Each structure stands twice: as C-alpha cells, then as structure tokens.
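The values are calculated or read from the model by the stated rules, or taken from the named source; none is laboratory data. Remember, it's a predicted structure, so these values are computed and weren't measured experimentally. A quick note on method: Cβ atoms are made from the backbone with ideal geometry, for glycine too, and the neighbour counts reach across all protein chains shown. Note: accessible area is taken over every heavy atom of the protein model, side chains too, but ligands, DNA and RNA are not part of it. Shrake-Rupley method; radii C 1.70, N 1.55, O 1.52, S 1.80 Å.
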Amino acid sequence: MGDIKLSVRQEGQGPPLLFVHGFPLDHTMWNQQIVEFGKDYHVIAPDLRGFGASELGSDPVSMAKLADDLAAMLSDLQITRPVVFCGLSMGGYVGWQFWDRHASRLDKLILCDTRAAADSAQIAEGRRDTATRILEEGAADLIETMLPRLFAETTTTGEPTLIHATRGVMESTDVQTIAAALLAMAERPDFEARLPEIGVSTLLLCGEHDQITPVAEMQQVAAAMPNAQFVEIGGAGHMSPMEQPVAVNRAIRQFLETQG
Ligand code: MLT
C-alpha cells in the first residue's frame, strides 16, 4: 500500500468482513472470529501499518492514514462490495475514520471496546511522554502496565496461555511502531459530535469489566448514534473477542443476520 507492504490473513468466502486489531497487537487477536466467520464470510484480518508482519514505512501515522491503508488494501484485493468493518479499541478509532473517509466501502460497523472521544489533554501528553520514553528504554514497562489492564481478572488468572500469547505479540511489536501509534492516538480527532450523523447500522460490544473503555461510555456512544445497538459481554475485560469468543461471535452473527 503506497510506501509499505501490508500483511493480511484471509479466510473463507462470502460477504466481506474486515477485522481490525487494537494496540499494540496484531490480527491474531481475532483468531476465534477468523475460524468462526471464515465458514461463511470472506474474513479479512490485516496487520495495521507497523504491527504484526506489516511494514511501518516512513509516512506519518494517523488514524486516517490507517483507514486509507485499509481502503487501498481492499482495492488491491479487488473487494468492491461494501464491507462490515469490525474494529477493537484502536481498531475502532480507525473505524470512525473509515466511515468518514470511505463511506461507500462500508456496509455495517461493529465497534468493540472502543470510544468516540479524543484523548484529554492530560492523556495525550502522557502518550507523548511514553512514546519518547519507549524509544529510549524499550516497551517493557508499557507492556507490564498494560497487559493486566487488558483482561478481566478471571481471564488473567484462568487463561495463562492467552495472556502469554498476548504478551508475546506485544513484545514482538517494534518500538518505533508503538511510539508512532501512541502519537497517532494522542492526535486523533474527537468523533462524539459526529455520532448523530453515523446512520450506518452499528453494533457496539463492550466487556463487562473493561477498564480502558468502560461499558457506561460505550452505552452513551450507542445512544448518540441513530442506528446502533449495544451488547455487554459478561466475564470479559477490554479484549472481549479473545476472552469471551462464544458470546462475542453470537452477538456478531445475530447482528449480521438480523440487521438490514
Ligand atoms: C487499544 O486497545 O487499542 C488501546 O488500549 C487503545 C488506547 O490506548 O486508547
């Protein structure tokens, strides 16, 4: 895509269903959805610029740029039919941009554990400081702080393999990419005022114990959108598709099969 090579996992045939991962992860966070929806959808699960096996390139990173990469990827894959866009957290931030910039490519939106608001000045400043620090010292501290906050306590204690795999993905993410994504998230625009304009059929999902993007905030996002429904995922934290795949897949399938 332009200055980079983007890595993408594809599975199955049928209507296109695009899964966009969170920070600082890769497409493998959707493994349980790739298997389930690969049965009857064309699942497209890329690694965003710099993450997983994709190259970072030299162009500045922004949420808009990440959305443009995905649109260019769809063109390259010759997918002309509008897609269902399913993004988690940072993938959701990219989702707002995809709606804004590539509306003709969008059939429906699924937003998991994300928010519409921009960072507060304080949070944005914190992200910029972290970006500077990790370029000097590496991302070990960020990973130690972030990992337990991603999951519900029951997942952390009961699913060591999943935690271990997630840590592995975080540790293998290049620090340049982590820094670039932190700066891009700090600068992302606020979409709260735009929510009433987003008429596309939307499903919002959030883990009951999500500490990063809490249920109450996502419920407010859903209420501000004209055509959105909200589903709370019991027993999950921020990584609801990994933690409670059966419930998440059921909610997604119901949405895909019943909504117009
Ligand atoms: C993510 O899961 O993508 C991040 O937690 C998003 C964020 O830091 O705002």
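Taking region 26-111 and the helices (runs of 4 or more DSSP H) fully enclosed by it, the elements with 2 or more residues that are over 20 Å from residue 254 (Cα atoms) are at 63-76, 90-101.
Annotation note: of 229, 211, the sole residue that is outside any loop (DSSP other than H, G, I, E, B) and among the polar types (S, T, N, Q) is 229.
If you go through region 17-49 and keep only what is in contact with a Pro (Cβ under 8 Å, 6 or more places away or on another chain), open to solvent by 10 Å² or more (accessible area, probe 1.4 Å) and more than 14 Å from the ligand (Cβ to nearest atom), you end up with 32, 36, 41, 42. Within the option set 202, 213, being surrounded by 19 or more Cβ atoms within 10 Å (Cβ to Cβ) and more than 16 Å from the ligand (Cβ to nearest atom) holds for one residue only, 202. Scanning region 232-243 for residues that are within 12 Å of residue 112 (Cα to Cα) and surrounded by 20 or more Cβ atoms within 10 Å (Cβ to Cβ) yields a count of 8. Filter region 135-188 for residues that are more than 14 Å from the ligand (Cβ to nearest atom) and not in a helix (DSSP H, G or I); which is nearest to residue 88 (Cα to Cα)? This residue is 152. Of all the numbered requirements in (1) more than 22 Å from residue 174 (Cα to Cα); (2) in a helix (DSSP H, G or I); (3) open to solvent by 10 Å² or more (accessible area, probe 1.4 Å); (4) within 13 Å of the ligand (Cβ to nearest atom), residue 115 misses one, and that requirement is (2). Looking only at residues in region 70-93 that are under 16 Å from residue 49 (Cα atoms) and surrounded by fewer than 23 Cβ atoms within 10 Å (Cβ to Cβ), the one that is farthest from the ligand (Cβ to nearest atom) is 76.
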